[in-house]
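First the structure, in the form of structure tokens, and then the observations on it.
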Amino acid sequence: MIKIGITGQAGFIGTHLYNYLSVKKGEVELIPFHDDFFQHQDKLETFVGQCDTIVHLAALNRHNDPQTIYNTNVELVSKLISALETTGVKPHVLFSSSTQEERDNVFGKSKREGRRLLAEWAERNGGIFTGMVIPNVFGPFGNPYYNSVVATFSHQLTHNEQPRVEVDAQLKLIYIGDLVRIIYYLIENRIADNEFRITPTDEARVTEILTLLQSFKAKYSEKGIIPDLTDSFERNLFITFLCYIDHGSYFPFRLKLNTDERGSFVETVKLNSGGQISFSTTKPGITRGNHFHTRKAERFAVIKGKAKIQLRRIGTDKINSFDLDGNAPSYVDMPVWHTHNITNTGNEDLYTIFWINEPYDPADPDTFFEQV
């Protein structure tokens, strides 16, 4: 059992890493961290004293005063080192630096200096240190106008705002799910490297990213068509895009019910992708689901009966509820890292069609049970 603490636990990378580690039951014990620990030396010392591994993610990315960025980030590292040396503990410390180190900006300089200071701490004290140099990171729940251009564009396109390309740079990117798996690999294997350069998984121009996201808006948001998710980069972009939709106002998405003397017909899933389609009946009062996925896109379409679908993002308390009725066939799509369920709220059998973008694999189900 590895006792792991994450500074900046509530941030973009921190949230994903915490959630990823939380499903490693029996392998990991997560030591809680709160941002105010850096304002109270005794709390910070207690925190580091409990950890076998510390992933230092806490940092300031943007501020009106560039010098504040530099001073804040170096000060956070200095306080962490002070707590380590005062307590005399020697956990494995992993530090998130950035490829911004290569540029002449204060954020990159602060990251380079922080990595240098922690490397010196490890050398002085016989500690284990991993200085991760990370490319641009994108994925669900990033803050628009702060974490990445993908977050900004996704937010703008799903909120009827007009994206604008300031600089059409060639970006080297890594999806957040891939990044946290690499971090866990470094933790498990206690890899010491003062400059561990994390290889980007993808590369694209800003305009190329915007074009793909605009195609999602045109096909998915306006017509309900699932794009081709064969390519991993496009799949990860779509999964990210989906999380910026306001589920409360967008869903349930009403489908066209075609009726004549023969009966009725409804198109439930229009897709340019593969995966698995399933059909189920559910008895009155019965609930299915109460699980979440970390990488899969999924659709629940109700075609007969009455149902309540509920969603809750992992780590939060807010529940989104949707009432669906087969008399007006409709669907709700499930974002990653949202536990979800469906309950038959009617007096007859509920008929539901499920689509998910990859067939079920018992050896790698990507299904984690948690009550909504």
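When you scan region 160-183, do you find a residue that is free of Cβ contacts under 8 Å to residues at least 60 places away in the same chain, within 24 Å of residue 316 (Cβ to Cβ) and surrounded by 15 or more Cβ atoms within 10 Å (Cβ to Cβ), even just one?
Among the residues of region 160-183, at least one is free of Cβ contacts under 8 Å to residues at least 60 places away in the same chain, within 24 Å of residue 316 (Cβ to Cβ) and surrounded by 15 or more Cβ atoms within 10 Å (Cβ to Cβ), which makes the answer yes.
Quick one: which of 341, 347, 320, 357 is exposed (fewer than 15 other Cβ atoms within 10 Å of the Cβ) and either under 25 Å from residue 274 (Cα atoms) or at pLDDT 95 or above (or both)?
Answer to the check: 347.
When region 229-242 is examined, which residues are found to be buried (at least 20 other Cβ atoms within 10 Å of the Cβ) and outside any helix (DSSP H, G or I)?
Answer for region 229-242, where residues must be buried (at least 20 other Cβ atoms within 10 Å of the Cβ) and outside any helix (DSSP H, G or I): just 229.
Test each condition in (1) among the aromatic types (Phe, Trp, Tyr); (2) buried (at least 21 other Cβ atoms within 10 Å of the Cβ); (3) over 17 Å from residue 134 (Cα atoms) for residue 20 and report the one that comes out false.
The number of the failed condition is (2).
For region 122-145, give me the residue count where each residue is in a loop (DSSP other than H, G, I, E, B) and closer than 19 Å to residue 81 by Cβ. Steps first, please.
Just the residues of region 122-145 that are in a loop (DSSP other than H, G, I, E, B), to begin with: 126-127, 135, 139-145.
If we keep only those that are closer than 19 Å to residue 81 by Cβ too, we end up with 126-127.
Residues that pass the stated criteria total 2.
In the set 285, 274, 305, which member is among the small types (Gly, Ala, Ser), under 21 Å from residue 216 (Cβ atoms) and more than 22 Å from the chain's Cα centre (by Cα)? Reasoning before the result, please.
On the way: 285 fails: under 21 Å from residue 216 (Cβ atoms); 305 fails: under 21 Å from residue 216 (Cβ atoms).
Only one candidate passes the filter, namely 274.
Considering 270, 318, which residue is touching a residue at least 12 places away in the same chain (Cβ under 8 Å), more than 22 Å from residue 349 (Cβ to Cβ) and of a type outside the set (Asp, Glu)?
270
Please find, within region 76-110, the residue that is surrounded by the fewest Cβ atoms within 10 Å (Cβ to Cβ) out of those that are free of Cβ contacts under 8 Å to residues at least 24 places away in the same chain and in a helix (DSSP H, G or I).
The qualifying residue surrounded by the fewest Cβ atoms within 10 Å (Cβ to Cβ) is 102.
If the requirement is being farther than 21 Å from residue 122 by Cβ and either in the same structural domain as residue 105 (by TED's automatic domain parsing) or modelled with pLDDT under 95 (or both), which of these qualifies: 56, 34?
34
Tell me which of these residue 328 doesn't satisfy, since it passes every other one: (1) over 25 Å from residue 19 (Cβ atoms); (2) surrounded by 14 or more Cβ atoms within 10 Å (Cβ to Cβ); (3) of a type in the set (A, V, I, L, M, F, W, C).
Here residue 328 clears every test but (2).
Give region 329-340 a look and list any residue that's within 19 Å of residue 249 (Cα to Cα) and out of contact with any Lys or Arg (no Cβ under 6 Å at 6 or more places or on another chain), or say none.
Result: 329, 332, 334, 335, 336, 340.
Just the residues that are within 21 Å of residue 313 (Cα to Cα), touching a residue at least 40 places away in the same chain (Cβ under 8 Å) and not small (Gly, Ala, Ser), please, taken from region 147-159.
Once the filter is applied, which keeps residues that are within 21 Å of residue 313 (Cα to Cα), touching a residue at least 40 places away in the same chain (Cβ under 8 Å) and not small (Gly, Ala, Ser), region 147-159 yields 147, 150, 155, 158, 159.
Mind checking which residues of region 256-284 are farther than 30 Å from residue 215 by Cβ, surrounded by 10 or more Cβ atoms within 10 Å (Cβ to Cβ) and modelled with pLDDT under 85?
264
Going through region 142-187 one residue at a time, which ones are more than 21 Å from the chain's Cα centre (by Cα) and not polar (S, T, N, Q)?
Here is the first cut: in region 142-187, the residues more than 21 Å from the chain's Cα centre (by Cα) are 160-170.
The answer is 161, 163, 164, 165, 166, 167, 168, 169.
The values are calculated or read from the model by the stated rules, or taken from the named source; none is laboratory data. Quick caveat: nothing in here was measured; it's all calculated off a predicted structure. Neighbour counts are summed over all protein chains in view; Cβ atoms, including those assigned to glycine, are modelled from backbone coordinates with ideal geometry.
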